[in-house]
Amino acid sequence: NIDVFHIYLGWTHILELIASKIANTKCTITTRRGRVNELFGSRLILRQISNIFVDEIVANSKFILSWARRKERWKKELGVVIYNGVDESVIDLITVNPLHEFKEKTIVYVASLTDVKRHIDLLHAAKIVVDQRDDVSFLFVGDGYNRNNLEKYIEMNELNERIHLLGHRVDVR
């Protein structure tokens, strides 16, 4: 008696859809996030077919939802946008880590520390910014297998005072 079955349509989504139907799920939801330009050919056709069994699409932007409706031929009027961002008005940086001194402008990045997220590119950009400006610091919230590489980059470039890896947090908001 499963009410909702949520699937992020990766390579296993067909098996997940079958499991959802076998379980007689009341509502099957799929998630759409970036990288839509990589979906074409047989993968796009497979997505179009699998959408027959989907009740709702949750996207992280209006563009992504519009793309799903247009390219995936999502005929249902259902679909909701839930943005990834965190409302900045609820963040109190003093409670994040009182050992760090934060600059006037603090850029907060929340994600798992994996290669696919390309954090190293953000660190290269952050280095350019902190080399040119004294009023900016960066916070990375999240953990993952790529953390050691990022720590080495920060250490090698003497960015410890301006770029902070806070690790996994259950209090992201």
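Mind giving me the FRET efficiency for Arg169 and Asn149? R0 is 30 Å, r the Cβ-Cβ distance, nearest 0.05 is fine.
Values: r = 20 Å, r/R0 = 0.67.
The pair Arg169/Asn149 has a calculated efficiency of 0.90.
Other residues within the sphere of radius under 15 Å centred on the Cβ of Lys62, judged by their own Cβ, net out at +4 (K and R +1, D and E -1). Among the listed pairs Lys71/Lys127; Lys71/Lys105; Lys26/Lys71, those with a Cα-Cα distance over 30 Å are Lys71/Lys127; Lys71/Lys105.
Values in this text are rule-based calculations from the coordinates and carry no lab data. All of these numbers come straight from a predicted model, not from anything done at the bench. Cβ: placed from backbone, ideal geometry, glycine included. Neighbour counts: every protein chain shown.
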